[in-house]
Amino acid sequence: MTGRRHSRLKTVLFLVVLSSNIIFVQCTNSDLNASYTVPTECDGTTTHNTFSWADYLVLGIMLLVSCGIGIFYGFVGQKQTSGSDFLLGGSSMGTFPMAMSLAASFITAIELLGNPAEMYNHGTQFLMICCAFLFVVPLTSKFYLPLFMELRLTSSYEYLSMRFNSSVRYFASALYISQMILYTSVAVYAPALALSHVTGLNVFVAVSAVYIVCIFYASQGGMKAVIIADTFQAAVLLGSIVLILYLGERAIGDMGFIWSQNYQTERLELFNFNPNPTIRHSFWSVVIGGTFYWMTMFCSNQASIQKYLSVENIGQVRKALWTSCFGLILVYIINFYTGMVMVAHYKDCDPKESGQISASDQILPLYVLSEMGQYKGVTGFFVAGIFAASLGTVASALNSLAAVTMQDFVCGAFQISLKESREAFWAKCISIVYGAISFMLVFVISQLGSIMQVAISFNGMAGGITLGLFSLGMFFPWSNSKGAILGSITATALITLMCIGQQVAIANDSLTEQTKYISTNNCSCFNTTELKAPPEPKDAVFFLFRVSYIWYSGLGFLITIILGLVVSFVFGAQSPHDLDWKLLSPPIRKLLSSFSTTTKEKLNIPLKLSTSKRPSVALVGVLNMGLDLKEETKLREMKIEESTKLRKFSAPSCCVMPI
């Protein structure tokens, strides 16, 4: 067995070296080894900066270290055989690595490139999202986290079958799988495309390098490798953006000039209290809508919940939540201040209007290459930071997709039993398959330009609906499975329609974004010194299509909750007397138990709350009214046994036919 393991290790080492060096193929290309030219003005003049061997070396080291982490946890360290070891890290991870991993998985490459561009084009209003972080952590820690840590379910969607029925569980699982496959493809392709336009990196070589490295260490090392690699990549990411900010501010030389330039162009805006929901970013949309969006990431995202379960106790998770919260705030502040530096730098010649770039998310790569390309390795360090963000997003997604598929479909829907010694093997295979599907989807997305924004909006929409389902079950003991299904399906259809309608309107130029003032004073082929911002969106566009994308999560959440409760009462609400009260959020249990006897009787709440494992009819999934009492009792007893197993084990485990 040992010799066989060493043979596998040699094969893997060979493949890693081969795959990691794929990005260095460009170094042998004479055109790219020569300086890559970037237009600097609309008159055709260019600068000659190159993505040099030193840049490739820095980028390659980051990729090789990430692979090395996968090799260590997959082949050198303690062997991972059980699902608990592979999917949850054996619940033995440290607080700080888990916190860094949380932050790294939340910071995508799209945001690293998009936030400075957001500052440059629209100002500081979106920076108020930091307030949302401060609201989300206490809400997560108080209302959602205690229940997840108490149940310790490998797939968080198991809760939905315990509280409602299996149909709700499979719907939410399928929604999450669709969301993550689509989003990971976009999260890798979009920044790679932006980098390719400016640095000359072949977009598909860059995407291939990310996927090969990520699939390898996520599939071989499991959750332990994902968390440790995320910690390393978070350090790379943070170091790169700090270095870019330092060099950029030093080049300007005067902090006061940076602030005054942004003030004069009306970019310093934090308190736009206009309540109009069609305004792209206002104080209300960013703080309230942003709170709902980040609640979907902290409270109902499978990748996040899995990481919570990778440590031993709830105190560690709460510390990690606050650590990741302040880490996110730090990254956002650095990103936006970098955007302010670029406003000062490009004050007299906007790079997009002068033809240097074709999209706003290319402005940061252009700035780094054109202004810092003379420093050997700096551009490579910057690109390594972008790649690190992509790796963190994809790795967490692959591990969570494996967990959901194993628990909800392999062991759940299809009732396939797995030997404990083979659980890790099949989880690895599933993560590899999902990585391959996501990679292939990149080639489809590359042919469909507008689908990128749809995918990003869909990510928030799907998260809002999932959050609504969990909240419906945890907070309202009267909700039932019919309400959960109809509420979530209706919310999915409506928000998807809004999202697609908005993107169609944008593609047809019927809906435009209002940007801040820009100058082309020193662009020789422009006669005007200042370009006015585009007009406000036209009222001709249907109102729902003009609603800001940042409200999608909140709308999905509210529609699921409200419609779910209405439908539940119309078709006969769940009797709180038949409910296992351990499936409610602890603060809700405490609140309901504090009501007076009269209030409890009016609300049909038991005078003494039951916290036994006796499930309700909804929990068992008995929807057929023709079942007699004897059959129903038998099903209840079977579900009690299943519920006990789910709470006892934190990894997929069934007992039918061993594979």
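The values are calculated or read from the model by the stated rules, or taken from the named source; none is laboratory data. Given the structure is predicted, the values throughout are model-derived calculations rather than measurements. All Cβ positions, glycine included, derive from the backbone under ideal geometry; neighbour counts span all protein chains shown. Surface areas here come from the heavy atoms of the whole protein model, side chains and all, with no ligands, DNA or RNA. Shrake-Rupley method; radii C 1.70, N 1.55, O 1.52, S 1.80 Å.
Sorting 490-500, 543-553 by average packing, meaning the other beta carbons within 10 Å per residue, from highest down gives 543-553, 490-500. Residue-wise HN-Hα couplings along segment 152-164, as the Karplus relation 6.51 cos²θ - 1.76 cosθ + 1.60 with θ = phi - 60° gives them from phi, are 6, 8, 4, 9, 4, 6, 4, 4, 5, 6, 6, 8, 10 Hz; Gly and Pro carry x.
The residues of segment 108-211 present an accessible area of 20 Å² per residue when probed at 1.4 Å with all protein chains retained. Per-residue 3J(HN,Hα) values for segment 232-240, derived from phi via the Karplus relation 6.51 cos²θ - 1.76 cosθ + 1.60 with θ = phi - 60°, read 4, 5, 5, 5, 4, 4, 5, x, 5 Hz in sequence order (x marks Gly and Pro). When each of the peptides 225-234, 288-297 is scored by the mean number of other C-beta atoms lying within 10 Å of its residues, the order from highest to lowest reads 225-234, 288-297.
Evaluated at q = 0.18, 0.20, 0.27 Å⁻¹, the base-10 log of the normalised Debye intensity for segment 254-322, with identical point scatterers placed on the Cα atoms, takes the values -0.80, -0.84, -1.12. Rounded, prolate or oblate: which fits segment 270-405 when a ≥ b ≥ c are the square roots of the eigenvalues of the alpha-carbon gyration tensor, with rounded for a/c under 1.5 and prolate only if a/b beats b/c? Taking the square roots of the gyration eigenvalues as a ≥ b ≥ c, segment 270-405 is oblate. Close amide H pairs (under 5 Å, H built 1.01 Å from N) link Ile518 with Leu531, residues at least 5 positions away or on another chain.
Overall, the accessible surface of segment 134-256 at a probe of 1.4 angstrom is composed of carbon and sulfur to the extent of 68 percent. For segment 270-413, the dipole from Cβ point charges (+1 on Lys and Arg, -1 on Asp and Glu) about the Cα centre works out to 280 debye, to the nearest 20. Rounded if a/c is under 1.5, else prolate if a/b is larger than b/c, else oblate: which is segment 108-149, with a ≥ b ≥ c the root eigenvalues of its Cα gyration tensor? Taking the square roots of the gyration eigenvalues as a ≥ b ≥ c, segment 108-149 is oblate. Near the amide H of Leu153, within less than 5 Å, lie no amide hydrogens of residues on another chain or at least 5 residues away, with H placed in the peptide plane. With a ≥ b ≥ c the root eigenvalues of the C-alpha gyration tensor of segment 109-184, is it rounded (a/c under 1.5), prolate (a/b larger than b/c) or oblate? It comes out oblate by the Cα gyration axes.
Summarising the label geometry, the points placed 7 Å from Cα in the beta-carbon direction at Glu420 and Val433 lie 2.5 nm from one another. Of the solvent-accessible surface of segment 313-448, computed with a 1.4 Å probe and all protein chains present, 64% belongs to carbon and sulfur.
Taking the charge dipole of segment 372-519 about its Cα centre, with +1 at Lys and Arg Cβ atoms and -1 at Asp and Glu Cβ atoms, the residue from Gly463, Val442, Ile430 reaching farthest to the positive side is Ile430. Scoring 245-254, 346-355 by mean Cβ neighbours within 10 Å over their residues and listing the highest first yields 346-355, 245-254.
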